[in-house]
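All remarks here apply to the structure that follows.
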Amino acid sequence: MNPAAVTAENQPGSLRTTSARSKAPVFVLGCGRSGTKLLYHMLLSSGGFAVYHTESNVFNLLAWRFGDLAKRENRRALLDHWLRSKLFYRTGLSREEIESKILEECHNPGDFLRIVMETTAQKQGVERWAECTPLHLLYLPLIKKLIPNALVVHIIRDGRDVTLSLDRIGWIKPFSWDKKRKLLAPGIFWRWIVGKARRYGQAMPGDYMEIHYEDVVERPREALARIGQFIEHDLDYDRIQQNAQGAMVDPNTSFRGDGQERESNPVGRWKTVLSSDQVAQLESVIADRLQETGYEPVTAESGRRRTLPVALMSFLYPIYFGAKIWLKTYTPLARTANLGRMGIDPE
């Protein structure tokens, strides 16, 4: 990225460059509770990106719930639901601006997302769009196949903080017989999904990067400069602050109103909330992934020995997570997926 390329003729956020990369879609992804929404809203606040304040849920839900989109009847069924949902309302488009394009030009989930976001960008007078559905991490190979120019920014947060947040909101629940060790279920999930994403990222060198949540929060200028160079976009921190929107203004914290002001510092919160025994048990199942991603365990290796129940959880839960995704993707169960994420208005 050449700073000299920025001119007054450019709209905010864009760079004058001959590279198609500067217009490529950007997927800001990460395990839930890792800061995906914050970083996504930073990109939107920089200018030059279509403003779309929700997660598209295309590859984790819509792609499978309505069947093969190469069939017109399935596209019609998808539209009948999508046009009544918050996913449509937040595009700012009218039915007339998008319906015929989907019916005539869409043949797969990649087409659907691209058509929706390009149409939204065109209406807003910008040339680029981004996306931030956390579970799309699990579909990176398909995303890259259907949207070849996609750039992926994988935001990674300390697994101990992610575990604490996921446990608080109850997204990843343990089996009934593991309730005494319930903190481990979200910890194992973090280890599993981050590991899968990193393996997928290795297959797309040059189009995948990782950034630490802690750097985005504590050293935003440096973090944004790295991301800006990667995606070829001017992520000016001062302009982003002036145009702050979404999670930059209203943080998406799971500790809001807990009476202890824990939301004031989202970095290293686990140090003040978890006991040493809880940390030791959690690190016994995620220490390797912590170290791989640049975080240091605080429990000595001798104190991270797993009990038999913990070892069984560490072995079985990733199999369960993988099987659940497979069933919801490649079997008839996909057609029964809950549409709650779409936010559909009642008829």
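The values are calculated or read from the model by the stated rules, or taken from the named source; none is laboratory data. Just so it is clear, the model here is predicted, and its values are computed rather than measured. Here the Cβ is made from the backbone with ideal geometry for all residues, glycine too, and neighbour counts use every protein chain on show. Keep in mind that these areas ignore ligands, DNA and RNA; they rest on the heavy atoms of the full protein, side chains included. Shrake-Rupley method; radii C 1.70, N 1.55, O 1.52, S 1.80 Å.
Assorted remarks:
- Of the residues making up segment 86-97, just one is under 24 Å from K23 (Cα atoms), charged (D, E, K, R) and in a helix (DSSP H, G or I), namely E97.
- Among the residues of segment 275-291, those identified as closer than 19 Å to V194 by Cβ and of a type in the set (A, V, I, L, M, F, W, C) are V279, L282, V285, I286, A287, L290.
- The set of residues in segment 280-313 that are within 24 Å of the chain's Cα centre (by Cα) and of a type outside the set (D, E) comprises L282, V285, I286, A287, R289, L290, Q291, T293, G294, Y295.
- Scan of segment 148-173 for residues that are in contact (Cβ under 8 Å) with a residue 40 or more places away in the chain, open to solvent by 10 Å² or more (accessible area, probe 1.4 Å) and of a type in the set (V, I, T), ordered by number: I169
Results for (1) in contact with a Gly (Cβ under 8 Å, 6 or more places away or on another chain); (2) at pLDDT 95 or above, shown as yes or no for each residue.
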{"position": "T18", "(1), (2)": "no, no"}
{"position": "F49", "(1), (2)": "yes, yes"}
{"position": "K71", "(1), (2)": "no, yes"}
{"position": "S85", "(1), (2)": "yes, yes"}
{"position": "P109", "(1), (2)": "no, yes"}
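- Residue pairs meeting the criteria (Cβ under 6 Å; at least 6 apart or on separate chains; first within 15 Å of P148 (Cβ to Cβ) and open to solvent by less than 50 Å² (accessible area, probe 1.4 Å), in segment 200-228; second assigned to a helix (DSSP H, G or I) and charged (D, E, K, R)): M204/K144
- Test for T120: is it out of contact with any strand residue (DSSP E or B) (no Cβ under 7 Å at 6 or more places or on another chain), open to solvent by less than 10 Å² (accessible area, probe 1.4 Å) and under 29 Å from F315 (Cβ atoms): no
- When F88, F112, F66, F49 are screened for being more than 22 Å from R199 (Cβ to Cβ) and free of Cβ contacts under 8 Å to residues at least 12 places away in the same chain, only F88 passes.
- Answer from G32, G47, G92 - the residue that is surrounded by fewer than 22 Cβ atoms within 10 Å (Cβ to Cβ) and under 17 Å from the mean Cα position of the chain (by Cα): G32
- Residue match in segment 246-256 (condition: in a helix (DSSP H, G or I), modelled with pLDDT under 95 and open to solvent by 20 Å² or more (accessible area, probe 1.4 Å)): yes
- R221 being more than 18 Å from the chain's Cα centre (by Cα), among the basic types (K, R), closer than 13 Å to M42 by Cα and at pLDDT 95 or above: yes
- Among residues of segment 289-347 being acidic (D, E) and free of Cβ contacts under 8 Å to residues at least 60 places away in the same chain, the one that is most open to solvent (accessible area, probe 1.4 Å) is E301.
- Output for segment 69-85, where each listed residue is in contact (Cβ under 8 Å) with a residue 24 or more places away in the chain, in a helix (DSSP H, G or I) and open to solvent by 10 Å² or more (accessible area, probe 1.4 Å): R72, R75, R76, H81
- L113 meets each of the listed conditions (1) within 20 Å of L151 (Cβ to Cβ); (2) within 14 Å of the chain's Cα centre (by Cα) apart from (2).
- Among the residues making up segment 230-243, those that are part of a helix (DSSP H, G or I) and either closer than 25 Å to L138 by Cα or open to solvent by less than 20 Å² (accessible area, probe 1.4 Å) (or both) are F230, I231, I240.
- Answer residue from segment 50-59, given it is open to solvent by 30 Å² or more (accessible area, probe 1.4 Å) and of a type outside the set (D, E) and is nearest to I344 (Cα to Cα) among those: H53
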